[in-house]
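Below: the structure, in structure tokens.
The values are calculated or read from the model by the stated rules, or taken from the named source; none is laboratory data. Please read these numbers as outputs of a predicted model, since none were measured by experiment. FYI the Cβ positions are ideal-geometry reconstructions off the backbone, even for glycines, and counts take in every protein chain you see. With ligands, DNA and RNA removed, areas are computed over all heavy atoms of the protein, side chains included. Shrake-Rupley method; radii C 1.70, N 1.55, O 1.52, S 1.80 Å.
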Amino acid sequence: MKFTFFFFLSILTFFSAPVLGQNGDREALLAQLKGKGRYDFLNENATLMRESEQDLAIRYSLEADSLASLVDDFSAKSRALENLGWIYYRRGQWQKSFDHSTKAYDYALLAEDKLQAARIMNNLGALYYEQQNYDKAIEQFRKGFELAVEVKDISTQIRSLNNIALNFTQSGRQDSALHYAKRSIAINESAGSPYLLSFANRVIGDVYMAKGKYDTATTIYETSLEMARVQQVKSFEAGVLHRLGNAYFLNGEINKATALLNYAVDFCRENQFLDELTKSHKYLAEVYQAKGNINQAYFHLSAYQTLSDSLISKAGRDRLALMQGMFDQDLATKQVELLKAQNESQKYRIHANNRYMLIGGIASLMILILGVWMFILHRNLKKTHTDLLIQQQKSESQNLELESKSRELSQINETKNKLFSILGHDLKGPIGQVKSVMDLMMRRQLDQEEFMELLSYLKNDIDTVDFTLNNTLKWSVAQLEGFEIKSVEFDLNPIIQNVLALLQYSIKKKNLVIFNQTGANISVYGEPESVEVSIRNIISNAIKFSNPGDAITIYTEKDRGWVNLYILDQGVGIEKTQLEKLLSENYTLTKSQPGTQKEKGSGLGLQLVKEFIKRNNGEISIESQLGHGTKVCIKLPVPLLQEVDSVGQKKLV
């Protein structure tokens, strides 16, 4: 079950025709209906059943779509396609959902059905949420809300407001999330829908959790859980259980947290809610660790990692498929527009030819006005020629754009294939070793002393997997549309200290000497998180290719509006031809070279560094000599101008 359950059930108050509860009675009544009455009944029942009886809802929607097409009832056709789009979204088939939802929206516009358009905006917003493009998702939900206000549909207004609030929580804007959730509750009082009210309470609970007000969050989650159980919505109950268990734990109620999270694990496993099951294992591992029960903590942590890796992999594939589907649709639209332009041009030429023939016939009968007609004919020919040139230029421009998009898609597919190949190779070994140790423990063939001897190797394997996955996720996010760098002024020194602390195990393993000659208060202008990822990758590479006992030197220099960060190692160095390829703009992913102690990598590190440093308006340069080491320089801008406010604080101008 995806975390995206916030795009909740369609509300009974949307519909006016009676819907029967028993399948037999429903089918008996359906057999008596024909024409508009039949497909309206099919649409209404499909909407109500699309959360509980999806196969039957699909059959009803397909029949309703077919019947509505016969009489060009665009509103009914839009509703049938919207139901199909939502069902495919629930099943994780995001491309099909996108296709059906966009078609439904086109038909809603043809029918001038603003209520149906508002509901479809929520479907499309859900798909942008799955891409983690929260700003675009909020834009869609706001459009849905505005349309619902125009037609005075309270249920869709509440649905849109709750979805806006949830997207604000995911993007870290908690005050905005709280505002929209409370606004939803205010409107909800007139609607009287417990399910909508319980969802709004869950969002508010998320806001208070993010603000560290665990006691308030606990109370709100308990209210939300009670409402979900009254409504008998198991999927929503699963979404509240792990939140409430975590709130109990952070609020110091460990026994309550233990009992509730164990129940959540059983409940989610029984109902196959995998995303909620993953989070329940994670929080339960933290609870058992706090209680000192290491065996149970390790068991739930292992379960969490296994489920998390599977879900992350599937989500990544689904996002890539959805992105490619959206691109394909855009490409198809451009092709249709090109064909329309060519057809219009052809019609214009045929019309012009007919007109010229008429003019010639008239001219033969009207010799006296031949001069005037020749002047008009010349002017029209010149205009026609100009129009044809413009059409030709547009066609050539569109062809070039299509070729560019095709090459871009080919590069994306090539990069995707290389990425999956590298990940499959580099993650298989570490995960296989962890699995082998777990199998030995499960069969009781490994005692505590032997396990402790293997623990350091397991940690090294897990660190390798974590570093590879972190780089992969950062690189993937950087490729998404809408990804922006949010630059601020920050001190470089604490970031370097943090990176060195994270890499202490690898440093000690090779007995390396680190000379950190960076001073305090090194102010630069950029995004701290992406700069830290870049520095970590560069220092990690320096460790990877250093020999045991070598030294690594880190220092900074200021250079007229720039800070140069240097990382110098005494390792094996890089060949000149390989270095030129690494720094090339056209360089693509390749398999990483092993380190001096056969350390593995994903090949993403330097690509990620180049991407992030460029987006931070910086530069990267590398000097290297085989057998003597490598010197990397990261060049970052400093704040151009500062002024001191009334309380003595510096701020960027």
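Would you say T278 is of a type outside the set (A, V, I, L, M), more than 28 Å from the chain's Cα centre (by Cα) and surrounded by 20 or more Cβ atoms within 10 Å (Cβ to Cβ)? When the stated conditions are applied, T278 does not pass them. Residue check: Q131 meets all listed conditions (1) open to solvent by 40 Å² or more (accessible area, probe 1.4 Å); (2) at pLDDT below 85 but one, namely (1). Each residue in region 70-102 was checked for being open to solvent by 50 Å² or more (accessible area, probe 1.4 Å) and at pLDDT 90 or above, and 4 pass. For region 218-256, a residue qualifies if it is out of contact with any Ser or Thr (no Cβ under 6 Å at 6 or more places or on another chain) and among the hydrophobic types (A, V, I, L, M, F, W, C), and the qualifying residues are I220, L225, V230, V233, F236, A238, L241, L244, F249, L250, I254.
Within region 226-240, being modelled with pLDDT of 80 or more and open to solvent by 10 Å² or more (accessible area, probe 1.4 Å) holds for E226, M227, R229, V230, E237. Residues in region 51-61 that are among the charged types (D, E, K, R) and assigned to a helix (DSSP H, G or I): 2 in all. When L402 is evaluated against the numbered criteria (1) at pLDDT 65 or above; (2) of a type in the set (A, V, I, L, M, F, W, C); (3) open to solvent by 50 Å² or more (accessible area, probe 1.4 Å), which criterion, by number, is the only one it fails? Condition (3) is where L402 drops out. Comparison of I154, I158, I185 shows that the only residue that is open to solvent by 20 Å² or more (accessible area, probe 1.4 Å), modelled with pLDDT under 85 and within 19 Å of Q116 (Cβ to Cβ) is I154.
Considered as a group, the residues in region 103-128 that are hydroxyl-bearing (S, T, Y) and surrounded by fewer than 24 Cβ atoms within 10 Å (Cβ to Cβ) include one that is modelled with the lowest pLDDT, and that residue is Y128. Taking the listed residues A64, A117, A165, the one that is without any contact (Cβ under 8 Å) to a residue 60 or more places away in the chain, more than 29 Å from N201 (Cα to Cα) and assigned to a helix (DSSP H, G or I) is A64, with no other qualifying. Per this entry, Q393 is counted among residues that are at pLDDT 85 or above and not aromatic (F, W, Y). Screening the candidates E619, E611 for the property of being modelled with pLDDT of 80 or more, open to solvent by 40 Å² or more (accessible area, probe 1.4 Å) and closer than 30 Å to I431 by Cβ yields one hit, E611. If you go through region 512-545 and keep only what is under 22 Å from T596 (Cα atoms) and within 37 Å of the chain's Cα centre (by Cα), you end up with S534, I535, R536, N537, I538, I539, S540, N541, A542, I543, K544, F545.
Checking the conditions here, which among K576, K598, K631, K581 is modelled with pLDDT under 85, over 32 Å from the mean Cα position of the chain (by Cα) and of a type outside the set (G, A, S)? Testing whether each residue is modelled with pLDDT under 85, over 32 Å from the mean Cα position of the chain (by Cα) and of a type outside the set (G, A, S) leaves just K598. On the basis of being more than 28 Å from the chain's Cα centre (by Cα) and hydroxyl-bearing (S, T, Y), does Y89 make the cut? So Y89 does not fit the description; no. Taken over region 134-161, the residue count meeting the criterion of being outside any helix (DSSP H, G or I) and among the aliphatic types (A, V, I, L, M) is 1. Where helices (runs of 4 or more DSSP H) fall wholly inside region 491-591, the ranges with 2 or more residues that are in contact with a strand residue (DSSP E or B) (Cβ under 6 Å, 6 or more places away or on another chain) and in contact (Cβ under 8 Å) with a residue 60 or more places away in the chain are 528-544. If I filter region 345-378 down to residues being surrounded by 11 or more Cβ atoms within 10 Å (Cβ to Cβ) and of a type in the set (F, W, Y), which single residue comes out as farthest from I390 (Cα to Cα)? By that ranking, first place goes to W373.
Which ones in region 228-245 are more than 22 Å from R90 (Cα to Cα) and out of contact with any Asp or Glu (no Cβ under 8 Å at 6 or more places or on another chain)? V230, G245 - these are the residues of region 228-245 that are more than 22 Å from R90 (Cα to Cα) and out of contact with any Asp or Glu (no Cβ under 8 Å at 6 or more places or on another chain). Of the numbered criteria (1) modelled with pLDDT under 85; (2) closer than 23 Å to L48 by Cα, the one N201 fails is (2).
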